[in-house]
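The values are calculated or read from the model by the stated rules, or taken from the named source; none is laboratory data. Nothing here was measured: the structure is a model prediction, and the numbers come from that model. Neighbour counts are summed over all protein chains in view; Cβ atoms, including those assigned to glycine, are modelled from backbone coordinates with ideal geometry.
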Amino acid sequence: MPLSGTSSKPGSAAVGPSSRSSSGVSKRFLARLNAASHAKAPFAKSASVPGSGRVMGISPRWAVSVVIAVMKSSRAMSVMLDHYPRTGRERKCPYAGLSVADLRNEWSTPPDLFDELRAHFGAFSLDACANGKNTKVKRFNSRAAPYRHEWAGRVFCNPPYSGAPPLGHWVRKAYAAAKDDGVESVLIVPSQLGSAWFHDWAVRGTVYVPRGRVAFVAPPGVGASSPRHDSLIIHFDPADLNARRDRPNVRLWPVGEG
C-alpha cells in the first residue's frame, strides 16, 4: 500500500501544491523508504495498516528499542573515548579504560557532606576506598580487596555500591577493625535495611539517617543525575559498639537540628 500523499503509479510525481508531508519530510523519500523496508528489511512483514500501530511495517516497540540501543552505545563510546588510555599523562588517569559499569562506582562524596563529617567526628587519617582523583584524605587505599589493607586511626570509607568485593565486606571490615584493632571508622552506604550486612554488622555501630538523598559527585566524562536511593552514615566507635543487634542506635543527620 503506498504512503498517503504519494502517487499510486510507479515513477509518477506527487500530486498537490507541496511535495512534502505535514512532517516536512519529502514524500518521494518516504516512498523510497517504504519500498526499501519491504524489499530488504527482515522485520518488515506487512505494509502500513490503519490502526495496526505499524508504520511501513516497522513495529513501534522495535523502533523504540533501536533508539535506546543507539543512545546507550553512544554514551558508552563517549566514555570510552574520554577515558581509554592513549599516551603520556593519560595512562596515569585512574579512570582510564573503565567501563560504564565500573565508572558508576567512582562517584565521590560531596565536599560539603565530608566537611560536616569531619567537623563532627574529627579529622580522618585514611580514606579506605578511593583513588588519586577522588580521595578525601591524603592517605588512601584503593577499593580492590579491602582485606589486603590495614586500617589505622580514624578511617573514612565511601565503598562501591556494586561489584566485587560486595558492600557487606566493607561494613564487616569496619566492625572487625573497631572491635579487634580499636580503629574508628565512618562509612557512607546505601540504605538497605533488609540486607544481611545491615542486620549483622551495621547495627553494631551508630546509624545516622541523612535528611534527603546524598548527591554524589560524578567522575569526569559521566553526566550528573539525580540520586536514586537514600543513604546511611555508619559510625563504628571502638568505645561505643552496640552489644545488642535488636536495639540499634539510630540518629538523624545532621546532628543537632531541632
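Looking at region 180-194 only, could you name the residues that are among the small types (G, A, S) and surrounded by fewer than 17 Cβ atoms within 10 Å (Cβ to Cβ)? Matches in region 180-194: G182, S191, G194. Here is a check on your reading of the model: is R148 assigned by TED's automatic domain parsing to the domain that holds A123, more than 18 Å from W201 (Cα to Cα) and at pLDDT below 90? Considered against the rule, which asks whether it is assigned by TED's automatic domain parsing to the domain that holds A123, more than 18 Å from W201 (Cα to Cα) and at pLDDT below 90, R148 comes out as yes.
Filtering region 163-197 to residues that are hydrophobic (A, V, I, L, M, F, W, C) and within 22 Å of the chain's Cα centre (by Cα) leaves A164, L167, W170, V171, L187, I188, V189, L193, W197.
A177 - would you say it is surrounded by fewer than 18 Cβ atoms within 10 Å (Cβ to Cβ), assigned by TED's automatic domain parsing to the domain that holds L241, hydrophobic (A, V, I, L, M, F, W, C) and on the phi < 0 side of the Ramachandran plot? No, not satisfied.
Conditions tested, residue by residue: (1) in a loop (DSSP other than H, G, I, E, B); (2) surrounded by 13 or more Cβ atoms within 10 Å (Cβ to Cβ); (3) modelled with pLDDT under 80.
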{"site": "V209", "(1), (2), (3)": "no, yes, no"}
{"site": "P219", "(1), (2), (3)": "yes, yes, yes"}
{"site": "A224", "(1), (2), (3)": "yes, no, yes"}
{"site": "P238", "(1), (2), (3)": "yes, yes, no"}
{"site": "R247", "(1), (2), (3)": "yes, no, no"}
{"site": "L252", "(1), (2), (3)": "no, no, no"}
